[in-house]
Each structure stands twice: as structure tokens, then as C-alpha cells.
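A quick write-up on the structure given underneath.
Please treat every number below as a calculation from the coordinates, not as lab data. All figures in this text were calculated on a predicted structure; none of them were measured in a lab. Virtual Cβ from ideal backbone geometry, glycine too; neighbours counted across all protein chains shown.
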Amino acid sequence: QPFFGNDSGFTGFHYPPADTARVPVDGMVELKLKIDVTGNLQEINVVSEEPPFLGFGDAALSDFKNAKFIPAFRDGKPVACEVTLPVFYKAAGF
């Protein structure tokens, strides 16, 4: 689970580059995240992005690359995990 707040490293969602922003296009990116026992992001990859080639994947990588997460727990103890996170972008102002 993403951790939001002053210490989270999450800077908010950023719509893809200005060229794309002129067209009212919504986007969805699926990220695969590897999170360690302390909630630090160890690896992040784009699994898919729709529509492709419009910068949504790069935007999602940039948005989450410094994010801090609440780690997964098993038997009451934090554990490393892999998760798939859908990220949705909505065109604003159109």
C-alpha cells in the first residue's frame, strides 16, 4: 500500500508531457513493484500502458520512483513482496 504524507517520497500524479496534454486522452498504466520489509521500493517496471507510446508509462515511473510503501505483513511480521499496481490518469479540463 502506498504511504502518503510528508515523508512518503510521493510527489503526486503528473499527466504525461505537454504534447499529449493537448488531446483529451485518459490513460492506464500497470506497474509491477518489488517492495522490501521496510516499505522501500526496490524495483519498478511498467507491465502495460494504454494507450501506448503517449508517455503514460514514463509518467507513472516518475510519479512512483521515490514513493514509500507500507510493507506487506505475514504472521504479524513485515515481509518483502511483489505487487501489481494500476495507475489511472484522467485528462483534466476537457
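Observations on the structure shown:
- A simple spin-label model places the labels of Ala92 and Phe73 3.4 nm from each other, with each point 7 Å out along Cα-to-Cβ.
- Note on Ile44, Ile35: ascending count of other Cβ atoms within 10 Å places them as Ile44, Ile35, the fewest first.
- Likely footprinting exposure, Lys77, Lys65, fewest C-beta neighbours within 10 Å first: Lys77, Lys65
- Site pair Lys34 and Phe53 shows an inter-label distance of 3.1 nm when each label is modelled 7 Å from Cα along Cα→Cβ.
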